[in-house]
Each structure stands twice: as structure tokens, then as C-alpha cells.
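J.: For reference, the structure I am asking about is given below.
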């Protein structure tokens, strides 16, 4: 196989023409490769032993003397996390999933050497039972429009040549060789791109305000401090395609007149930190960062800063304070960060996904991007689809796609024959929407009107075994713990809301507390300093609005309809269904279950802690919850 040069060994590129010549050379060498094996190396697949699979595969390739015919590369996340580890073999685009190291020998001998497709390693559609040979034949992928995520599988994040060969840095070369900063800004404006970090602020408007702000020294910042439970879109983009983010930042810096940028990434993302650092180093070595990029007068460089994991540091002013070495607390936005940001200099801050969209906008034109999505929400959006759904993973769809399409067509609906009850969108500051609203379009404006938000892009699916009061309690607990405490409305208001919801889940609730809860939520939303506090009431207000009957059942009937809230439920064993197998007794950590062999067992309610372990261990449905 033609080897790919070490990224840091590239000669410094001195012009757009030299970049294009290198690209053609890389593509020509790539065409000489007989077989390419692409393994997903995202965090999810790595946790499922993807590296062990790859090590075994390389060992078998060497044993079979195929090193010169096969290129093996590990890329970023492919999105279908529930089926990992994933592998694609070209030519043929053969898609293997749920791989184990012991599969390596067959893959090499039967597929790489023999050209055979191994049926047992293909994806099986749970509805039809049919095998799918390629990604395009899988419903999870077929219903998406993967403008950003599709690039992950083309690029080894540690190899700049992969990115250049796939068209990388062409947008930057185009901007430097034939566009003014104003022209770059105009294309972003035509695109209608809105910030993907939560608020949905028009990107071009933010850039223009920063460009017009007085001062010679300006900064751009990439916010990779993704802290929402269940959200990992930015993580996978930065892990899988860091050069795409760097190129977007460079284009933004050109548009506003900045010469320096920072990627602020949480330290809990070690793979993203490593790949971002490697990308910066290789881009500098290639002359794509630093002074006089591609022989132009434009100079721009990037540093990596690691965050300590505070959720509040996802807020722009708190992030900037942390970057300056101060406590990560927000400040009033009487003067916006585009005028007075990092070290009191004009600063443009966008999240990973926003920056990643910029190169394709410059390459294809703003009108191309604006052709996707809705009137007020353009382009595609990546969502992390998690919870009680068959197909979990990263989903990229045009803005305006319905919740029903995302949850049922892409997600496959609920597992185990359960019924979907709701989704929670927008992370802990988002809202919970019932099944009756699943035909609504997912965009910035429609979700906000419904009492939720796009947020960073988390979609948590909930089935009929989910208690919506408990969901509100969970997110309030998270937000209370993550509040910086600077303003009293957030610090005290969230805590008081949590006290009321906790009372309700533990059987101490009173009906009049529902009005108090609403008043508290309105006050916190109106008077809090930053976005964390202003949106913290969303889980409470949305569950009260759409699931008030569950609150009333907890208060008036002392009953949790979903059987979740421990103080309101009792466990027992159905003597008719129990076979006396003893599995539940052996699994119970509290010794609450007893009984003879092949005799119906008995549960001692005084010892039972209602942990649910017995339910998950019983194969006969003999554990009752009432």
C-alpha cells in the first residue's frame, strides 16, 4: 500500500497552488490502494474494544502478508454508536458491526483476501430481519443528511494528508486567493447559519459586530466545553475531524480580523484534546496555521486550553473568565463579548459544530447551505439520540425534520415493545415534549415556542416507564449542582424548586405547591444572570404543562404512575408467576427475598430498598410494582 507520510513531515505550503498540487498527489496515491479498511475510533467504539479489534486485524493482515495491499485507518465517530465497533471495507462499502477481536481472522482471510462478505457481521434490521450490506441500506443512515458526520469516516484525525485529500483547507485557500474578509462574511450571512451551541444566534451578525468593534487585537474561540448529559456531538466532531474545526476558525478569524484563537475543550475529553493538539501542530508544520498562511498576508494561530468540567463554563462569559485564569463565573452582558471579550478585546465565540459548518459554506456558497432547513433555521443539525430508543447514536438531519422522523424512522422507536411517552430536547435546560407533539419540526423557533430548545442538540427518548416528575427532579439536581452560585435567583431558586419536586416524588406534595413551583420557575427564568439560570426552569415548566396529571397523581393519589418514585411504590412477588428459580434472591443485595427451591418466593417489604435489581434479573415477570 502507498504509505501516507507523517503529517509533521510535510513541507511548508507556500501558496494555494502548492496546496492543490499536494491534494492531487495524495488523491493519486490513494487511488493506488487496493483495499481500505476504515475502523470507527470514536470514544463509544473505543469503549467497546475497537482498538483491540484493530490490533487483531493488523496482526492478521501481517500474518497473511497483505500489508502492501490494504490500508487500515482509524477514524472518528461514524454515528451508529449502538452498533459499535463499526468497520467499513472498500471497495464495496461493506459495513460490519458489533465486531470482536476474534472476528479479525475471518475478516482478513474471507473478506480482504477472498472477497467474501461475511453475513454474520452485517447489520440486521430488527423490524424486517434483513441483512444490510452497506450504510445506505440501513434505515438509521438512510434517513439522514450527513453533511458533517460523513466526513469523519474519510479522515484519520492524526493525519493531515487525509483531510487535505478529502478537500480540506480548500475553502481557506479560496478565501485567501480571491475573497475579501467582507466577502467571507457575506457568504456566512447568506447561509443563514445560526449558532449550534444553544442560543441559535445568527453567526454572521455576531461576526459583523466583532469585525466592526474598535481595536486591532481580536480573538476567536471554539467552545468545546460540552457538558450536557447525553450530548456528545462536539466531542465526536473534534475527535474525528479537528482540521475541519481549525479551518472554520481560520475563516472566521479572516472575516473579523483576528490573528489568534483558542479551542476551549473540557479535560474529560482526552481523545479530543489529543487530536486537537496534533491537528494544530501538523497545520503549523504545513503552513496552514501561523504567519503568512499559504503565502498570504493573513496570519492566524490557535492554542488549546483545557477546561475543568464546569457546566457553567459553556456560557460565553464564564468560559472567557476561565480562559483568563479566573473563576468560571458569568458576568452581566451590558457589553457583549464581541466588543469586550477575552482580555477585554473583541472576541467571537462559537461552538465546535458552528465552526465546522463554515468551510462548506465558503466552498459551496451560502445559498447552498440556505437551501437546507426551514425559513428561520438553515442547514443540518447534529443530534445525540439517546435514551429508550433502539438506535442510539449521532444523527444529522436538515433543520425542520420532525421529532417523529428522528425517533421512529431513524431511532427505530422504543425497544422491548414499550411505548414512547416523550422526548427531552436541548439538554438539562431544555424541555420535555409529549408524543402528541412529535410531528412538530425540530428547529430553533418551533422548539422555543413549545417550551423547549434545540440547545446543543441532545434528544433523550423516554418510554412509558419514565416518570416525568422524576425527570424534572433529575435535571434540577444537575442544574443545582452545576450552578456557580453567583446570583441568588439561580442559586436559591433552583434549590427551592428542587425541594418542592422532591416533596412531590416522596409523597409530601401539596396541590398548592404546583402554583408556587410555576411562580418560582418564572422568577428564576426572568431574573437569573446567565443562560443556565434563565433556562433552568424549562424541565419543570414543560413537564407541568404537558404532564400535569402525573404531578396530580403523585400528590392526590400518593401514586407514581410509572412506578419509579421509591417512596410511592411497593414491590411484591406474584406467587402464580414465580417458578422458584431463586435468581431474584441471589441477585438481591439486601436479602429481602427468600423461598425454597421451585417454590414461590416471598419479598420482605421491610428489607426491600426498591433498587429494581430483582426486576431486571427475573425472566418470568414475577416481580410486581404497585
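Please treat every number below as a calculation from the coordinates, not as lab data. If you're wondering where the values come from, they're calculated on a predicted model, not measured in any experiment. Here the Cβ positions follow ideal geometry from the backbone for every residue, glycine too, while neighbour counts run over all protein chains shown.
J.: Order the peptides 246-254, 225-233, 399-407, 198-206 from the highest to the lowest mean number of other Cβ atoms within 10 Å of their residues. Let's see the in-between values first.
T.: Details: 246-254: 27.2, 225-233: 23.1, 399-407: 21.0, 198-206: 18.9.
Ranked from most to least packed, the peptides come out as 246-254, 225-233, 399-407, 198-206.
J.: So how do 591-601, 369-379 stack up, highest first, on mean other-Cβ count within 10 Å? Numbers along the way, then the final one.
T.: On the way: 591-601: 14.6, 369-379: 19.5.
By packing density, highest mean first, the sequence is 369-379, 591-601.
J.: How would you rank 556-565, 444-453, 351-360, highest first, on the average number of other Cβ atoms within 10 Å across their residues? Each step should come with its number before you reach the end.
T.: Working: 556-565: 17.0, 444-453: 18.9, 351-360: 26.9.
So the peptides 556-565, 444-453, 351-360, ranked by packing, come out 351-360, 444-453, 556-565.
J.: Moving on to the next point. So what is the relative contact order of segment 380-466, in percent, for Cα pairs below 8 Å that sit 6 or more residues apart? Could you put the intermediate results ahead of the total?
T.: On the way: 185 pairs, mean separation 31.4, N = 87.
Once normalised by length, the contact order is 36 percent.
J.: Would you mind pulling out the separation of the Cα centroids of segment 333-357 and segment 359-401, in Å?
T.: Taking the Cα centre of each part, segment 333-357 and segment 359-401 sit 23 Å apart.
J.: How would you classify segment 545-589 from its alpha-carbon gyration tensor, with a ≥ b ≥ c the square roots of the eigenvalues: rounded for a/c under 1.5, else prolate if a/b is greater than b/c, otherwise oblate? Can you show the working numbers first?
T.: Values: a/c = 3.47, a/b = 2.84, b/c = 1.22.
Prolate.
J.: Can you give the extra length, in nm with one decimal, that the chain gains between residue 477 and residue 93 once fully stretched, where that is 0.36 nm per residue apart less the Cα-Cα distance? All intermediate terms of the calculation are to be shown ahead of the outcome.
T.: Values: separation 384, 0.36 × 384 = 138.24 nm, distance 4.52 nm.
Gain on extension, residue 477 to residue 93, equals 133.7 nm.
J.: Provide the FRET efficiency to the nearest 0.05 for the residue 205-residue 491 pair, computing r from the beta carbons and using R0 = 30 Å.
T.: Working: r = 32 Å, r/R0 = 1.07.
E between residue 205 and residue 491, to the nearest 0.05, is 0.40.
J.: For the chain, what is the mean residue ellipticity at 222 nm derived from helices alone (per DSSP H run of n ≥ 4: -39500 (n - 2.57); sum divided by total residues; nearest 500 deg cm²/dmol)?
T.: Details: 24 runs with 231 residues, N = 626.
It lands at -10500 deg cm²/dmol.
J.: Using a 7 Å offset from the Cα along the Cα-to-Cβ direction at both residue 419 and residue 570, what is the distance between the two label points in nm, to one decimal?
T.: Between residue 419 and residue 570, the label points sit 2.6 nm apart.
J.: Any chance you could run the full-extension gain for residue 510 through residue 63? It's 0.36 nm times the residue separation minus the Cα-Cα distance, nm to one decimal. Present the calculation step by step, with values, prior to reporting the outcome.
T.: Working: separation 447, 0.36 × 447 = 160.92 nm, distance 7.12 nm.
Additional length available on full extension: 153.8 nm.
J.: Counting alpha carbon pairs within less than 8 Å and at least 6 residues apart, what relative contact order, in whole percent, applies to the chain? The partial results should precede the final answer.
T.: Details: 1320 pairs, mean separation 72.0, N = 626.
Once divided by the residue count of the chain, the mean separation gives 12 percent.
J.: Now, a different point. So what is the relative contact order of segment 500-585, in percent, for Cα pairs below 8 Å that sit 6 or more residues apart?
T.: Dividing the mean separation by the residue count of segment 500-585 yields 31 percent.
J.: So if R0 is 22 Å, what FRET efficiency would residue 20 and residue 274 give, r being the distance between their Cβ atoms, rounded to the nearest 0.05? Spell out each step's value before the answer.
T.: Working: r = 29 Å, r/R0 = 1.34.
Efficiency for this residue pair is about 0.15.
J.: Something else about it: Name the shape class, rounded, prolate or oblate, that the alpha-carbon gyration tensor gives for segment 309-403, where a ≥ b ≥ c are the square roots of its eigenvalues, rounded holds for a/c under 1.5, and otherwise prolate holds if a/b is larger than b/c and oblate otherwise.
T.: Details: a/c = 2.70, a/b = 1.49, b/c = 1.81.
Oblate shape, in that a/c is at least 1.5 and b/c is the bigger or equal ratio.
J.: May I ask you to derive the FRET efficiency for residue 299 and residue 326 from their Cβ-Cβ distance with R0 = 35 Å, giving the value to the nearest 0.05?
T.: Efficiency computed from Cβ-Cβ geometry: 0.80.
J.: Same structure again: Label the chain by shape, choosing from rounded, prolate and oblate, from the square roots a ≥ b ≥ c of the eigenvalues of the Cα gyration tensor; if a/c is under 1.5 it is rounded, and otherwise prolate applies when a/b is larger than b/c, oblate when it is not.
T.: Details: a/c = 2.25, a/b = 1.26, b/c = 1.78.
Oblate shape, in that a/c is at least 1.5 and b/c is the bigger or equal ratio.
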